[in-house]
Every structure is written in structure tokens, then in C-alpha cells.
Amino acid sequence: MLYQLYETQRALMSPFAEFASASAKLYSHPLSPFAHTPMSQRLSAGLDLMHRLAKEYEKPQFDIRGIEVDGVEVAVQELVPVTKPFCRLLRFKRYTDDLAVLSKMKEQPTVLVVAPLSGHHSTLLRDTVKQLLKDHKVFITDWTDARMVPLEDGPFHLDDYIAYVQEFIRHIGPECHVISVCQPTVPVLAAISLMASNGEQTPRSMTMMGGPIDASKSPTAVNNLAMNRSFSWFETNVIYRVPTNFPGAGRAVYPGFLQHTGFVAMNPDRHATSHYDYFLDLVQGDDEGAEAHRQFYDEYNAVLDMPAEYYLDTIKTVFQDFALINGTWVVDGQLVRPQDIKGTALLTVEGELDDISGAGQTRAAHGLCSGIDAEHQHHYVAEGAATTASSPAALAREGLPAGA
């Protein structure tokens with residue numbers, strides 16, 4: 001019922017949002033007589049802010065058309081080599097007529113970025129992809145909004161997530177490096193562990209950024225919520241059915257709008273200040289500051305629904321049973337054994353100020369991966385990084401390599 005009420009509210013607010021947008025232009029366009037009246041800038045800024053608070057935010061695009069490699073502008077094309085019901089594997093293929101740069105790009109390593117399926121779209125890692133493209137062949141997981149997946153495509157469990165990751169690695173080949181950001185660190189470690197246990201060739205390296213490998217260490221507010229509420233509480237309070245106006249009508253999901261509410265509730269003062277600063281930027285004519293705000297919130301406010309099965313599996317396996325750390329995690333009848341990984345280097349990364357995955361949670365992977373030689377294990381703390389949503393881009397800017 002809550003989902004239906006939200007959709008009704010969204011439908012009612014849509015005309016108001018469009019009216020606010022049109023009215024903002026009426027008081028700001030230089031050819032409009034209203035733009036030259038007293039207080040027009042403040043009226044326009046207020047209406048523009050109301051438009052952005054009331055509008056619906058669609059999934060952003062990566063929109064990466066080109067990057068610079070060794071001073072040469074290189075074209076980039078977005079390809080989809082693998083399509084699954086709940087995810088697309090994207091490849092950013094680079095093209096150039098410069099033979100020297102082309103030859104160099106062919107020899108560069110391949111990296112698979114496993115983006116989180118935890119509310120936001122994979123485009124949140126756009127800057128990370130751009131930086132990696134300068135010296136890597138780049139693939140990334142693009143998770144599908146569960147409300148867009150028809151019921152006949154079946155459920156999506158945490159085990160299915162692991163199977164997707166394994167399929168993507170096999171498609172790309174064992175020479176790839178794998179980067180997992182936040183939530184996927186756990187299923188990625190499980191996927192590679194199972195491949196190693198089965199005698200398959202594993203990726204050259206795995207880089208794990210700010211994820212809950214051991215959520216019992218330095219628990220954050222997010223961890224405490226997952227650990228202190230009963231499993232039935234989550235089933236009852238955060239799982240809803242998709243309304244009839246979407247392809248996935250009837251599917252049980254953890255709705256994106258609930259997740260977004262939780263994101264904002266973690267730092268309400270920060271968001272209120274940001275919106276007020278946006279208003280002031282518009283009043284003062286600071287186009288650069290206003291555009292930076294728009295770009296951030298166009299991404300931040302675009303959320304997706306998560307399949308209920310996957311979400312509940314994660315709550316129980318990662319945050320309540322601590323199955324990975326306790327050595328009790330069984331996937332498709334097989335025990336997850338990170339100690340079986342031997343030929344894959346390990347790099348763990350934590351944000352110094354991360355308020356989602358606490359200090360030591362990601363580093364715990366080193367104790368589990370005892371089969372990896374010590375010289376192929378490394379840990380890095382990104383000083384000043386607040387959350388894992390921003391730390392990948394920061395690390396890329398600092399030149400941190402994809403492989404350990």
C-alpha cells in the first residue's frame with residue numbers, strides 16, 4: 001500500500017514540478033518582462049528549487065564519449081556484451097587512429113568494476129570509470145531497477161548475484177582485475193572463492209573498497225540497524241509490491257524511495273544546507289556552483305528498487321549470521337572458502353571517515369584469504385574519504401592502480 005501511495009503522490013506532484021520549472025524560467029529568461037521586476041531572481045531561484053525537490057529523477061546515463069590517453073583524444077563507445085534479467089555488463093570500448101596510442105591501449109590491463117546494488121545506479125561511479133579508461137580496458141555492472149523486471153523472469157537471490165559475477169569474469173577472462181565497491185565486496189569475494197575451490201582460473205587481482213566483509217567490526221549506524229532488527233522486521237516494514245504501472249508489477253522489492261529517505265536521514269543538515277546554498281548560487285548568478293549541485297543531485301536522487309530476495313538474503317547472510325567470517329556460508333550446496341584463493345592479489349581500501357562500512361570491516365578480507373602470499377596483499381586507507389560512494393573517484397584521481 002505504501003508504494004501505491006508514493007506513486008499517487010508522485011503523479012500529483014508532477015504537474016506542480018513542471019509548473020514550478022516553467023515559472024522559474026518566466027522570472028529568469030532575459031527576454032521575459034518579469035525577469036526585470038524586483039525580487040525576480042529570488043522568485044526564480046525559489047521556484048527552481050521547488051522544481052528540483054518535487055520532480056522525478058530518471059536513471060542517468062554514463063555519457064562518456066571520449067577520454068584523453070597520452071595527450072591524444074580517444075573516442076569511447078558504450079557496448080553491452082552480456083545482458084541478464086537483473087543486470088547488463090557494460091564495456092567502454094576505446095577507439096583512435098593514433099597507431100602508437102592504439103598499440104599501447106591493446107596492452108593495457110582489463111578491469112571489471114562491480115558496482116553496488118544498494119539503491120543508486122552504477123553511474124554513481126562515472127568518474128571512476130573515466131579515470132580508469134586512461135590506462136585500462138573497462139567493464140562495469142549496470143544493475144537493473146527491479147521494478148522494470150517482469151515477474152516471469154523469476155526471483156533474484158544473493159546466490160544469483162554471485163553467479164552473475166562469475167559469468168561476467170568468465171566472459172572477460174581470467175586476466176582481468178576486479179574492483180568491488182561497498183556492498184559487492186562480499187559476493188565478489190564469495191564468487192572468486194568458489195571459482196578457486198572448483199579449480200577455475202581466478203582474476204589477477206581483486207580490489208575491495210569499503211565493504212562489510214566483517215560487519216561486526218566498528219559497526220556503523222547502518223550496521224546496527226541491520227544487526228539489531230529481526231529478520232521478520234525487515235520483511236514486514238521495508239518490503240513492498242511494485243504497483244501495476246511498471247513492467248515488474250507484483251514483484252516484491254525494497255523500494256528506491258525508502259532507500260533514498262534513509263540516505264537523506266543519515267545527514268539531513270548537510271542536505272538542507274546544500275539546497276540552501278543552491279538557492280543562493282542561483283540568486284547570485286553563480287552558474288558553476290548551481291550546475292555542480294544539479295549534477296550531484298541528479299545522480300543522488302536517482303534510485304532503483306532492489307529485489308526483495310536479494311536484499312533479505314544480504315541482511316541475514318552478511319549482517320546477522322556473519323556467514324562469511326564464521327565460515328558457514330553455503331552457496332548452491334558449496335561452502336565459501338576464501339582460503340582457497342591463491343593466484344589472485346588482494347588490495348583492500350577503506351575510507352578514513354566512512355560512515356557506512358566502519359574501520360577494519362574491509363581489511364578483514366586479508367585474514368580470510370590466507371592462501372594469498374603476503375607480498376600480494378595490500379591495504380590502503382583513503383584519508384578524508386567520507387563514504388565509499390565518493391572514495392573510488394578520489395582514489396582514481398590519486399592514481400591508485402586497479403590491480404594490487
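The values are calculated or read from the model by the stated rules, or taken from the named source; none is laboratory data. Note that the structure is predicted; figures quoted are calculated from it, not measured. Virtual Cβ from ideal backbone geometry, glycine too; neighbours counted across all protein chains shown.
Any residue at all in the range 228-249 that is within 27 Å of Thr144 (Cα to Cα), surrounded by 17 or more Cβ atoms within 10 Å (Cβ to Cβ), outside the structural domain of Gln320 (by TED's automatic domain parsing) and small (Gly, Ala, Ser)? Yes; the residues of the range 228-249 include at least one that is within 27 Å of Thr144 (Cα to Cα), surrounded by 17 or more Cβ atoms within 10 Å (Cβ to Cβ), outside the structural domain of Gln320 (by TED's automatic domain parsing) and small (Gly, Ala, Ser).
Restricted to the range 217-227, and to residues there that are surrounded by 15 or more Cβ atoms within 10 Å (Cβ to Cβ) and under 17 Å from Leu353 (Cα atoms), the residue that is modelled with the lowest pLDDT is Val222. Selection of the range 2-47 for residues being in contact (Cβ under 8 Å) with a residue 40 or more places away in the chain and hydrophobic (A, V, I, L, M, F, W, C) yields Leu2, Met13, Ala45.
Does the range 266-286 include one or more residues that are more than 30 Å from Ser40 (Cα to Cα), in a helix (DSSP H, G or I) and in contact (Cβ under 8 Å) with a residue 24 or more places away in the chain? Scanning the range 266-286 turns up at least one residue that is more than 30 Å from Ser40 (Cα to Cα), in a helix (DSSP H, G or I) and in contact (Cβ under 8 Å) with a residue 24 or more places away in the chain. Contact annotation: residue pairs with Cβ atoms under 9 Å, 6 or more positions apart or on different chains, pairing a residue in the range 228-246 that is closer than 14 Å to Gln4 by Cβ with a partner that is surrounded by 12 or more Cβ atoms within 10 Å (Cβ to Cβ) and of a type in the set (Lys, Arg), are Arg241/Arg251; Val242/Arg147; Val242/Arg251; Pro243/Arg147; Phe246/Arg147. Among the residues of the range 334-361, those that are part of a loop (DSSP other than H, G, I, E, B), out of contact with any Pro (no Cβ under 8 Å at 6 or more places or on another chain) and modelled with pLDDT of 95 or more comprise Val336, Arg337, Ile341, Lys342.
So, Ala302, is that one within 30 Å of Gln61 (Cβ to Cβ) and modelled with pLDDT of 95 or more or not? Criteria not met by Ala302.
Restricting attention to the range 278-292, does a residue exist that is in contact with a helix residue (DSSP H, G or I) (Cβ under 7 Å, 6 or more places away or on another chain) and of a type in the set (Ser, Thr, Tyr)? Scanning the range 278-292, I find at least one residue that is in contact with a helix residue (DSSP H, G or I) (Cβ under 7 Å, 6 or more places away or on another chain) and of a type in the set (Ser, Thr, Tyr), so the answer is yes.
Annotation for the range 56-78: no member residue is buried (at least 21 other Cβ atoms within 10 Å of the Cβ), out of contact with any helix residue (DSSP H, G or I) (no Cβ under 6 Å at 6 or more places or on another chain) and either at pLDDT below 95 or polar (S, T, N, Q) (or both). What single numbered condition from (1) of a type in the set (Ser, Thr, Tyr); (2) surrounded by 19 or more Cβ atoms within 10 Å (Cβ to Cβ); (3) more than 22 Å from the chain's Cα centre (by Cα) fails to hold for Tyr311? Against the list (1) of a type in the set (Ser, Thr, Tyr); (2) surrounded by 19 or more Cβ atoms within 10 Å (Cβ to Cβ); (3) more than 22 Å from the chain's Cα centre (by Cα), Tyr311 comes up short only on (3).
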